[in-house]
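As structure tokens, the structure follows; a few thoughts come after it.
The values are calculated or read from the model by the stated rules, or taken from the named source; none is laboratory data. Everything quoted here is computed from the prediction, not taken from an experiment. Please note: Cβ atoms are built from the backbone with ideal geometry, for glycine as well, and neighbour counts cover all protein chains shown. Ligands, DNA and RNA are stripped out before the accessible areas are found, and what is left, the full protein with its side chains, is counted by its heavy atoms. Shrake-Rupley method; radii C 1.70, N 1.55, O 1.52, S 1.80 Å.
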Amino acid sequence: MKNLLALLFIIALAALLLYVAANMPPMGDPDNPTATHVIPRYLEGAEKETHTENVITGIILNYRGYDTMGEVTVIFSALAAVLAVLGRERRGRIHAYVDRSTVPSSVIVRTMVRFLVPLIVLFSVYTILHGEISPGGGFQGGAIIGGSMIVFTTIFGLYESSRRIPQKVRFPLEGSAVVTFFLVGVLGMVGGGNFLTYAWPRVAAGLQPALVTWLTVLVEIGIGLGGAMVLTSILFCMIREEEEIAVVA
Amino acid sequence: MGAYRHFPILMITVPLVCAVLLPFLGYLRERWVPRAALVPLSVSTLLGLLLVGKIPAQGYLSYHLGGWEPPFGIEIRVDYIGLFLLLVVCGISLLAMVFSPRYIGKEVSGGRLTAYYVLFLLMSGAMLGFVATGDVFNLFVFMEILALTSYALVAITGNRNAVRAAFKYLLMGAPSSIMVLLAIGLLYSATGSLNMADLSARIAESGYTEVLVVSFILFVIGFGVKAALFPLHMWLPDAHSIAPSPISAMLSGLLVEVSAFALLRLTFSVFTAGNDAIIGGTSEAVSVFAAAAVLYGGIMAIMQKDLKVMIAYSTISHIGYIFLGITSFTKEGLAGAMYHMLDHGLAKACLFLCAGCIIYVKGYRRIEDLKGAWRQMPWTCFAFSVAAISVIGIPPTAGFISKFYLIYGNFTAERWPYALVLLVGAILAAVYCLRVIYYMFFQPDKRGAWEEGGGDAPASMLAPVCLLAAGTLFFGVFSGLIIDSLLKAAAFLL
């Protein structure tokens, strides 16, 4: 009975979505509402108004920066939720996991990972700092660092990787994205504009482009660092949980 | 424009950023965390109170984030009902936070203590942002923070049942978030805008009616799950009853209400009330479900043995009230629904916190165990009774005012069956509330479980409980302060 109801619900939902897909504005039509209302301003104005060559960065950090502030808060909330349910890994107990958390891997894999991880991290730094000019940015760079930590941890285990980025490094940086955003926002108010105004009205017009660019880069760095640390902490937390279950079993 | 135009954004961001900074304090001095967590909420409440009188009943305060004018940037728009709900959120969060330290100290083990306060602040800040925003995507962003933090807070005690309830909540909540996102996507594809005020103008001239209809349906399903609208309520009884009591108070007193408010806002400010082609059919369906919710919640509440589960089912019933007020499309019904958000918030928070007091002192959860409870816990029992009377809707409590306007609104809209359902709902509420009051005060305590002078709950728990109970009385007696402006604001929305 329950399954039947669920099936009926899914079929109804599918029918609804197919119906709407058939009636949506044609894909890629230049006369679409999406293409004619706010987008032209973004495409034409982003470089002049937000002083970022990458239009996407201009939109997510400047035009709609408040949404992005919300998103980094979502990421922080995810970490807080994971910590609340699983608890943070404790330094003293990590030693117990040394051997359990790794599948013995060959010398080739170990050497390659040792060689590649620094390069991946270097690439993520480039992605973060260059987000204002080319595709990329804080979220992407942070995720790349997180990914490199996943690679490192699967090969060398929790003990080794938590020595590379110890808790005392992660802990202060986890909230950096939200705090940076808040500071930039409040500075915008102090500078005579609204919350999250990058081009402070109180600053001479000639200095504003440089100011906006620097603030954008600052926010990118904050998001990158914060994102990387949150992802790493969540990763460690989940591995620890798995290890503890294994130890109990 | 004075400095007060910055107040709404500060109300929202101060709790959020303090939540992020709180772990540092937790690292240095964990004992200070509970008190420090009160500061940002007090700041928000203060800023909200300073805004009172600045916003006329038929106007709004618009704040352009980053200085970008609306359809391009994000707008915070606080109108009269928005400010009203912001203050409700601030007040109840603050009181639930005052209640927390003793209770949470007992239920949540160390180490997670800071996480509790962090999540609590994130949740309060997200609710404020959720209520104040004038942008549909921004609404989604804050909904995500709200959802994530509420799942974690339900599970925070870490015992098996709590985790299971939270997981059930997550399984219902995550698809509903996706539906809201899909609805926003459809809305954007048909109009090219995300700003609520701009959307309502563009919807009027958009040719994609079918897309808009489906978008509205998905919004109703998505927020319907968050607001626990029957038959999407399955997660609520478990989550609300198993969560720590201050969190039950937040979820039941605020979270379901702000979700209903989001739908109200979308219905009136985005899709606009007169737009029958788009919202007509769906709002009819919502009326039927809301009526079913009133009856189902009431009957299920009567059948419960566990106090917190009973209160949780009562919430399902009262969400039905709010939706019947909204779907009446009259200013009385709408003002009644808004006022119901206030008094239901106060009363439900009070009931859950009273249940929390009883659990804290005695560890009892079953209604049967309450026989003769007043001998040991007079304050808790009195506060419970006042709040319960407000839930039933007996004067002079605030519950009477809101139920009066809800029924009046449904009468003026000539929705006789629904008005009748609302009356029956009040009778059902009387059955389940009076039973508890009867047990507390008039049943002999045969087992001798309650000893006179055995001690009521500690003052830091009784104070918020009594303030909430006093609030339901205050807003019942002095309802004229608010209800007239609410009626005007509602007329402005229609």
key: Close pairs (9 angstrom Cβ cut-off, 6 or more residues apart or separate chains): at positive phi in the range B:171-199, among the hydrophobic types (A, V, I, L, M, F, W, C) and part of a loop (DSSP other than H, G, I, E, B) anywhere   = B:G192/A:V38
key: Any chance B:A349 is touching a helix residue (DSSP H, G or I) at 6+ places or on another chain (Cβ under 7 Å) and not in a helix (DSSP H, G or I)   = no
message = Pull out all pairs, ordered by first then second residue, where Cβ-Cβ is under 6 Å, the residues are six or more apart or on different chains, the first lies in the range B:117-132 and is at the interface with another protein chain (Cβ under 9 Å from one of its Cβ atoms), and the second is among the polar types (S, T, N, Q).
response = B:L119/B:T149; B:L122/A:S77; B:L122/B:T149; B:M123/B:T149
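Among the candidates B:G480, B:G448, B:G455, B:G476, single out the residue that is modelled with pLDDT under 90 and in contact with a Ser or Thr (Cβ under 9 Å, 6 or more places away or on another chain). Let's see the steps before the verdict.
Details: B:G480 fails: in contact with a Ser or Thr (Cβ under 9 Å, 6 or more places away or on another chain); B:G448 fails: in contact with a Ser or Thr (Cβ under 9 Å, 6 or more places away or on another chain); B:G455 fails: in contact with a Ser or Thr (Cβ under 9 Å, 6 or more places away or on another chain).
Of the residues listed, the single one that is modelled with pLDDT under 90 and in contact with a Ser or Thr (Cβ under 9 Å, 6 or more places away or on another chain) is B:G476.
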message = I'd like to check something: does the range A:192-207 contain any residue that is open to solvent by 20 Å² or more (accessible area, probe 1.4 Å), part of a helix (DSSP H, G or I) and not polar (S, T, N, Q)?
response = no
task = Inspect all residues belonging to the range B:369-379 and state whether any of them is modelled with pLDDT under 90 and closer than 16 Å to B:A249 by Cβ.
result = no
ask   = Within the range A:232-247, can one find any residue that is away from chain B (no Cβ under 11 Å), more than 30 Å from B:L22 (Cβ to Cβ) and of a type outside the set (S, T, N, Q)?
value = yes
key: Residues of the range A:142-198 that turn out to be within 10 Å of another protein chain (Cβ to nearest Cβ), in contact (Cβ under 8 Å) with a residue 24 or more places away in the chain and of a type in the set (G, A, S), as a count   = 4
key: Any chance A:V212 is in contact (Cβ under 8 Å) with a residue 60 or more places away in the chain, part of a helix (DSSP H, G or I) and under 18 Å from the mean Cα position of the chain (by Cα)   = no
task = Those residues that are surrounded by fewer than 20 Cβ atoms within 10 Å (Cβ to Cβ) and facing chain A (nearest Cβ under 10 Å), I need them from the range B:190-204; list them, please.
result = B:R202
task = Show the residue pairs that are 6+ apart or on different chains and have beta-carbon atoms under 8 Å apart, the first residue being within the range B:138-153 and facing chain A (nearest Cβ under 9 Å) and in contact (Cβ under 8 Å) with a residue 24 or more places away in the chain, the second being open to solvent by less than 10 Å² (accessible area, probe 1.4 Å) and not in a helix (DSSP H, G or I).
result = B:N138/B:I74; B:L153/B:A243; B:L153/B:P244
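Mind checking whether some residue in the range B:350-361 is touching a strand residue (DSSP E or B) at 6+ places or on another chain (Cβ under 6 Å) and open to solvent by 10 Å² or more (accessible area, probe 1.4 Å)? Break it down into steps so the answer makes sense when it comes.
In the first step, residues of the range B:350-361 are kept if they are touching a strand residue (DSSP E or B) at 6+ places or on another chain (Cβ under 6 Å); the result is none.
The answer is no; no qualifying residue exists.
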ask   = β-branched (V, I, T), open to solvent by less than 30 Å² (accessible area, probe 1.4 Å) and not in a helix (DSSP H, G or I), is that true of B:V78?
value = yes
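Condition test on B:A292, is it assigned to a helix (DSSP H, G or I) and crowded, with 23+ Cβ neighbours inside 10 Å? Please lay out each step first, then the result.
On the way: assigned to a helix (DSSP H, G or I): yes; crowded, with 23+ Cβ neighbours inside 10 Å: no.
Here the answer is no, as B:A292 does not meet what is asked.
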inquiry  = Tell me the residue from B:P34, B:P23, B:P40 that is under 23 Å from B:S460 (Cα atoms) and within 14 Å of chain A (Cβ to nearest Cβ), please.
reply    = B:P40
note = Checked the range A:117-134 for anything farther than 15 Å from A:E160 by Cβ and part of a helix (DSSP H, G or I); matches are A:L119, A:I120, A:V121, A:L122, A:F123, A:S124, A:V125, A:Y126, A:T127, A:I128, A:L129, A:H130
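Please state which one of B:I279, B:I242 is under 30 Å from B:M97 (Cβ atoms) and either basic (K, R) or surrounded by 21 or more Cβ atoms within 10 Å (Cβ to Cβ) (or both).
On the way: B:I279 fails: under 30 Å from B:M97 (Cβ atoms).
Sole residue among the options that is under 30 Å from B:M97 (Cβ atoms) and either basic (K, R) or surrounded by 21 or more Cβ atoms within 10 Å (Cβ to Cβ) (or both): B:I242.
Would you point out which residue out of A:T52, A:T73, A:T57 is touching a residue at least 40 places away in the same chain (Cβ under 8 Å), more than 7 Å from chain B (Cβ to nearest Cβ), outside any loop (DSSP other than H, G, I, E, B) and not acidic (D, E)?
Details: A:T52 fails: outside any loop (DSSP other than H, G, I, E, B); A:T73 fails: more than 7 Å from chain B (Cβ to nearest Cβ).
Within the list A:T52, A:T73, A:T57, the selection yields A:T57.
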message = Go through (1) of a type outside the set (S, T, N, Q); (2) over 22 Å from B:I104 (Cα atoms); (3) in a loop (DSSP other than H, G, I, E, B) for B:G158 and report which single condition fails.
response = (2)
task = Look through the range B:378-436, keep the residues that are hydroxyl-bearing (S, T, Y) and within 17 Å of B:Y321 (Cβ to Cβ), and return whichever of them is surrounded by the most Cβ atoms within 10 Å (Cβ to Cβ).
result = B:S390
